[in-house]
1. For the stretch 317-327, check the following and say yes or no: at least one residue is hydrophobic (A, V, I, L, M, F, W, C), more than 21 Å from Gln10 (Cβ to Cβ) and open to solvent by 30 Å² or more (accessible area, probe 1.4 Å).
2. In this structure, is Ser369 in the same structural domain as Thr278 (by the TED database), open to solvent by 20 Å² or more (accessible area, probe 1.4 Å) and on the phi < 0 side of the Ramachandran plot?
3. Looking only at strands (runs of 3 or more DSSP E) that fall completely inside the stretch 165-262, which ones have 1 or more residues that are surrounded by fewer than 18 Cβ atoms within 10 Å (Cβ to Cβ), assigned by the TED database to the domain that holds Ile309 and on the phi < 0 side of the Ramachandran plot?
4. Looking only at the stretch 373-425, which residues are under 18 Å from Thr294 (Cβ atoms), surrounded by 12 or more Cβ atoms within 10 Å (Cβ to Cβ) and among the β-branched types (Val, Ile, Thr)?
5. Being in contact (Cβ under 8 Å) with a residue 40 or more places away in the chain and over 18 Å from Thr283 (Cα atoms) narrows it down to one residue among Arg320, Arg348, Arg341, Arg329; which is it?
6. Based on this model, can you work out whether Ile345 counts as buried (at least 21 other Cβ atoms within 10 Å of the Cβ) and either closer than 26 Å to Thr294 by Cα or hydroxyl-bearing (Ser, Thr, Tyr) (or both)?
7. Quick one: in the stretch 185-205, of everything that is in contact with a helix residue (DSSP H, G or I) (Cβ under 8 Å, 6 or more places away or on another chain) and either at pLDDT below 95 or not β-branched (Val, Ile, Thr) (or both), which residue is nearest to Val237 (Cα to Cα)?
8. Is it fair to say Gly328 is at positive phi, out of contact with any Pro (no Cβ under 9 Å at 6 or more places or on another chain) and assigned by the TED database to the domain that holds Trp288?
Amino acid sequence: MASFPDSINQNDIGKAKFIGELLVPVAPFDQKSGREAWTVAFAPNGSYFAWSQGHRIVRLIPLAKCLKSFSVGKAGESTNASSPGCLSRQNSSGGQVIPAADEPREHTIDCGDTVWGLAFGSSVPEKQSRCVNIEWHRFRFGQDQLLLATGLNNGRIKIWDVYTGKLLLNLMDHTDVVRDLTFAPDGSLVLVSASRDKTLRVWDLKDDGNMVKVLRGHQNWVYCSAFSPDSSMLCSVGAGKAVFLWDMDKYTVMGKLEGHHNDVVSCEFSPDGALLATASYDTRVIVWDHHKGTVLLELGHLFPPPSPIFAGGANDRWVRSVSFCPDGRHIASITDDRLVRFWSIEERAPQAIASLSNGLCCAFSAEGSVLAAGTRDGAVHFWECPRSVGSLQHMSRMSLRRVMSTQQVEALAIPTPLRDYLTYKVI
């Protein structure tokens, strides 16, 4: 068994540029369990980076300061005890450097229990709550409001003010681990939580965190959920082979995508909403046209591919996480074979790879230039995304697909090659 097909020499694949890492110092009697960085997240405005570094702790760091410290360390100008390009918990929150009043501040948040899910949410005042009695709301979120939601082991969800580090809301309704959180990208502060209690729950934070709906349909744990860019659709995956698509206006199941052979653990839409990437323990990432329910691309991590009956075995190639780059052309995946892969949707082989032991999760920065990955020891590693200039054709395709579904494109009176390109049949 190999990580790449025989036609590809691993030595010929490019190496992703390593930027730096955030380390968590280990106490002499610190247990190995409980230190996992189950989730990492970038603020949508690029101001902050957050990760769960184990033992109930979430760290919030100004992203610009974080990246600058890496470059300083690599230039040999850093004087702290950590290795070049690294930050430890002590020197990233030591308090020796006092930020100016208008600078983003670092925060260390004790959430009270193990943190499994993180999500940033920003408010748009024009997006009103669905609650009629708007004047009775406890909180009035401003235009510059930035929130952090944390999903805990005890089933609770805590909402924090990113700029002050203060707890705003404590949401209690799940009966098991809250595994994942996602905010609607339209600024409405609608939050969806995925839990091991087999449900997804929709919360309206502009209505003081009241629960709007319980989405039922999964027969087992729900691992992950993701909004489409226009917030009209939700994808959810879990301990089963099906990928669920939900209509977020009616809160009903729109359909299910069948094609994986084992648990599906991660999902994300492309920036234009035309594609959906899902990662599974069956060693594959599948890129779907979810509008038609068809598979456009399969990204394999084990060769020869395991047959469906063996796809769930202990093969050291389980895919843990997948993330779509904001440029719409690159995908990153984290697997148990100690590699991070950067894929191009135009190729079936990785464009670049990097070494990573015990990787659990990954996320791209808002502008797509940096990938962060969390590990079982609570550390976070950063790489540059492979750089390439997107063609005018691709940018035009993304602009069109943001407002048109596959069926609408197919109805256009245009040449077949152009139709195939716009529907990603030729990628």
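The values are calculated or read from the model by the stated rules, or taken from the named source; none is laboratory data. Quick caveat: nothing in here was measured; it's all calculated off a predicted structure. Here the Cβ positions follow ideal geometry from the backbone for every residue, glycine too, while neighbour counts run over all protein chains shown. These accessible areas exclude ligands, DNA and RNA; they are computed on the full protein's heavy atoms, side chains included. Shrake-Rupley method; radii C 1.70, N 1.55, O 1.52, S 1.80 Å.
1. no
2. yes
3. 167-172, 210-216, 242-247, 252-258
4. The answer is Thr406, Val409, Thr423.
5. Unique residue meeting the criteria: Arg329.
6. In short, yes.
7. Looking at the filtered set, the residue picked out is Leu191.
8. No; evaluated as a whole, the condition is false for this residue.
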